[in-house]
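Some notes on the structure that comes next.
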Amino acid sequence: MSLNLSRPSVTAGPAGSDATPFSAAAVSGSVADFSFTPFLKFFTESMNHLLSTFESNQLTVQRMIKEQQQQFSSHLESLHAKIAQTDPASSSGRSPTRGFHAEEDGSDGLPLPPKKRKQRSHRVKGNTQVVDGDVDMATYNQFLQYVRDHLLALLGIKDLKNIADAKAHCTISEAENEAFIRELPGSIQITANDFRLDLSRDRSTLFNRTAMEVFTADFYRKVMQDNWYNSPPIPTQYLQVDIISDCFYYHLKHVKSHYKHFVVHMALDSEAARIKEDKRLQRMS
């Protein structure tokens with residue numbers, strides 16, 4: 001960048017004037033002493049550093065998004081593969097035995113499905129009905145009840161009012177969440193026998209989406225292979241991966257509200273009561 005600095009014209013003041021005349025040599029020397037080069041260099045380096053930082057952060061964000069998309073796609077493909085291996089015709093006449101089921105891979109199984117409880121009403125609102133077209137509301141509500149019951153079975157509780165008893169399976173730390181996302185060695189593995197949720201974060205996190213896939217695969221297998229939830233039987237139109245997953249996703253919002261009330265708020269109320277009691281004892285001492 002070149003600067004064209006022309007000398008100002010210098011005219012002497014009128015005779016007898018008090019004005020001090022400008023010295024052309026002095027002005028020229030001052031301009032020569034002042035250089036814009038260091039300023040321009042600093043400005044250029046600062047802008048280059050800012051641009052480099054921005055591009056680096058942008059690439060990091062894009063890489064993280066791509067990794068999460070690949071992880072989710074991989075989990076979804078694994079889920080479809082497991083369901084594709086299921087042969088309903090070969091096991092449609094099977095009945096669950098008493099005690100515990102043995103999983104196909106030889107690991108410990110889950111207990112028998114919970115006893116049928118009194119059906120609770122479920123109002124279908126607009127976009128929360130995940131089955132297209134006209135449905136029989138009696139069978140649809142029963143199907144939703146089976147989904148709720150199966151989640152309780154996986155968490156090992158009888159009612160959402162007892163969700164505090166499953167607190168260890170319903171929340172994870174920031175470090176555990178980061179390890180799960182990055183698939184680090186020793187990170188949490190969600191299975192039907194060790195089912196986990198993260199009710200402290202959004203339903204759409206990678207951890208909760210993985211839990212949804214595990215729930216869907218296990219529910220489908222329990223119904224089709226182990227003959228669970230068959231009194232009354234579930235209509236085949238509901239036994240689709242996307243329908244089971246959507247029902248679980250919508251129900252998870254209800255589960256989160258119970259966790260917030262019976263775990264989070266209860267803990268806050270207990271802490272507030274403890275602080276109040278400490279202050280009362282301090283005043284008495």
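The values are calculated or read from the model by the stated rules, or taken from the named source; none is laboratory data. None of the values given here were measured: they were computed from a predicted structure. Please note that ligands, DNA and RNA were not included when accessible areas were found on the heavy atoms of the full protein model with its side chains. Shrake-Rupley method; radii C 1.70, N 1.55, O 1.52, S 1.80 Å.
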For the table LYS161/LYS222; LYS222/LYS253; LYS66/LYS253; LYS167/LYS260, the rows whose alpha-carbon distance is greater than 18 Å are LYS161/LYS222; LYS222/LYS253; LYS66/LYS253
Taking max minus min of the Cα coordinates of the range 165-229 on each principal axis, largest first, gives extents in Å of 39, 26, 20
Heavy-atom accessible area of ASP149, protein chains in place, probe 1.4 angstrom, given in Å² to nearest 10, is 10
